[in-house]
1. In region 223-282, what residues are aromatic (Phe, Trp, Tyr) and assigned to a helix (DSSP H, G or I)?
2. Out of (1) open to solvent by 80 Å² or more (accessible area, probe 1.4 Å); (2) under 25 Å from Leu102 (Cα atoms); (3) small (Gly, Ala, Ser), the odd one out for Gly191 is which?
3. Looking only at region 323-352, count how many residues are within 17 Å of Leu267 (Cβ to Cβ) and open to solvent by less than 20 Å² (accessible area, probe 1.4 Å).
4. Just to be sure, is Thr42 open to solvent by 10 Å² or more (accessible area, probe 1.4 Å), assigned to a helix (DSSP H, G or I) and on the phi < 0 side of the Ramachandran plot?
5. Quick one: count up the residues across region 131-166 that are within 16 Å of ligand 1 (Cβ to nearest atom) and either open to solvent by less than 10 Å² (accessible area, probe 1.4 Å) or not in a helix (DSSP H, G or I) (or both).
6. Residues of region 49-94 being in contact (Cβ under 8 Å) with a residue 40 or more places away in the chain, part of a helix (DSSP H, G or I), open to solvent by less than 50 Å² (accessible area, probe 1.4 Å) and more than 14 Å from ligand 1 (Cβ to nearest atom), which ones?
7. Any idea how many residues of region 95-121 are open to solvent by less than 20 Å² (accessible area, probe 1.4 Å), within 20 Å of Val294 (Cα to Cα) and either among the acidic types (Asp, Glu) or out of contact with any Phe, Trp or Tyr (no Cβ under 8 Å at 6 or more places or on another chain) (or both)?
8. Is at least one residue of region 169-180 in a loop (DSSP other than H, G, I, E, B) and touching a strand residue (DSSP E or B) at 6+ places or on another chain (Cβ under 9 Å)?
Amino acid sequence: MTGLRQIDPPEHRYAEQLELLAAADDGPRPPAWRLTPRMVVTFICGSAGRKVKGSRGGQVIETKFVGERALIERCVVTLAGERGLLLAGEPGTAKSMLSEMLTAAISGTSALSVQGTAGTTEDQIRYGWNYALLLAQGPSPEALVPSPVLTAMRTGAVARLEEITRCLPEVQDALVSILSDRRLALPELSGSDDGVIYAAPGFSVVATANLRDRGVSEMSAALKRRFNFEVVPPIADLDAEVALVAGQAKAAVERVGAPYQVDDAVLETLVTAFRDLRTGVSAEGWEVERPSTVMSTAEAVSVASSIGIATAFLPGPDPLSLVPGHLLGVVRKDDPADQARLLAYWDGPLRRRAEAGGRLWRQLWEQRDVLSA
Ligand SMILES: Nc1ncnc2c1ncn2[C@@H]1O[C@H](COP(=O)(O)OP(=O)(O)O)[C@@H](O)[C@H]1O
Ligand SMILES: [Mg+2]
C-alpha cells in the first residue's frame, strides 16, 4: 500500500472516475488514448449533474475546471490531432492543473513532465546517460536515460512541459525537431536499430506559459507554429469563483485536520476584493488602481485557506479581521508601491460600500490601520 501523499496526482486521486469514464463510452478513440475525447471533456468539465452510467450504477462527475467547455473541447481536439497544445495565461489560472488533468485522462499519467526553468538543459527534453553503465559498456540502449518527453514518444503518451518560455532558446529548439519530425536521433547509437526513436501514434505535448514571464512572444516562430495556443482566462463569474475558493479552502483546512469554519459571506468579500484589484474595475463600475501583483484565483485560495487554518487553530478574532493583513501580503509581493494602491482601494470603492451600509465592508474599512502600518 502506498502511504499518504501531500499532493495526489489526478490519475491516482480520480482513478475510480477515470475507470468509469473509460468504460462508459465505446466510441472511437485516438491511438493510445484511455478515454474517448468526449469523456476527457466530461472528466474535466463535469457531467452537469447527470450520472455517467457504470457497472456499479454510475456516478455524477464534478466540475474540476471552472470555465468554458468550448476551451476544453478545443484543447482535447488539438491533442486528438496529435498537435502540440500551449496553454497561455496569467499565473494562477489553472494552466498546470489543466495540463495534469488532460494528460491523466488521455494517457493515464501526468508524471511525464519537465519543469521549464532558466537551468533546464537539452538532456531533460531529449535523453541523458547512466554514466556508470556508459563507462562500463559504452553507449547502449540500457545506458540511456530517457527524458519524460522521450518516454512519451515511445509510448504514445502526452508529455507536459511546464513554463516553456522560461527555457533558453536552444532548449526550446530541441523541441522543434521533436515536434516536427516526430523522431529523435541518438547519434551515439547510430548504425544500430536503436539509433532513431520514432514517436508512437498518440504522442503529443502540452506546454504551459505564463504571460507575465519573459514572453511567449520570444518563443521562436518555428516553435510557435508547432503549437495551437489557447489562452486560459481568469474565472469570469463571481459566484463560480467564490464556490471554487470555498471548496478548495475547505479541503485545505480539513487536510491539516481542522474543522472549516469560514462563512461564505466572508469569502465573497475576499473574492470580490481580489476581482476588483485584478480587473481594475469594481462590480459597481468604479475604477480601481491595479497592483502589479497578479491577484489570481490561486492566491485567493491560498489566502482563504490560511484564514480557515488560523480560525481553526488559533481562535481569536473573527475571520474577516484577517483579510486586510493577508491582502497586503499578496499585494506587496512585487512592488512596495502596491501598498499605496491597496490603500487607495480601501479609501475608494471599499469605503463607498461601507458607507452604503455593507456590514462586512464597514468592518474592513474600520481596519484600515493594518494597511498603513
Ligand atoms: N478556472 C479554474 N478552475 C478550477 N480551479 C482553478 C481555476 N483557476 C484557478 N484555479 C485554482 O488555482 C490553482 C492553481 O492553478 P495552477 O494550475 O497552478 O495555475 P497556473 O499554472 O495557471 O499558474 C488550481 O489548482 C486551482 O485550485
Ligand atoms: Mg503553472
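1. The one that is aromatic (Phe, Trp, Tyr) and assigned to a helix (DSSP H, G or I): Phe274.
2. Going through (1) open to solvent by 80 Å² or more (accessible area, probe 1.4 Å); (2) under 25 Å from Leu102 (Cα atoms); (3) small (Gly, Ala, Ser) one by one, Gly191 breaks only (2).
3. 5
4. For Thr42, the condition - open to solvent by 10 Å² or more (accessible area, probe 1.4 Å), assigned to a helix (DSSP H, G or I) and on the phi < 0 side of the Ramachandran plot - is met.
5. 6
6. Residues satisfying the conditions are Thr78, Leu79, Ala80.
7. So the count comes out to 1.
8. The answer is no, given that none of the residues of region 169-180 is in a loop (DSSP other than H, G, I, E, B) and touching a strand residue (DSSP E or B) at 6+ places or on another chain (Cβ under 9 Å).
The values are calculated or read from the model by the stated rules, or taken from the named source; none is laboratory data. As the structure is a prediction and not an experimental result, all values here were calculated from the model. Cβ: placed from backbone, ideal geometry, glycine included. Neighbour counts: every protein chain shown. Side chains are part of the model used for accessible areas, which takes the heavy atoms of the whole protein and leaves out ligands, DNA and RNA. Shrake-Rupley method; radii C 1.70, N 1.55, O 1.52, S 1.80 Å.
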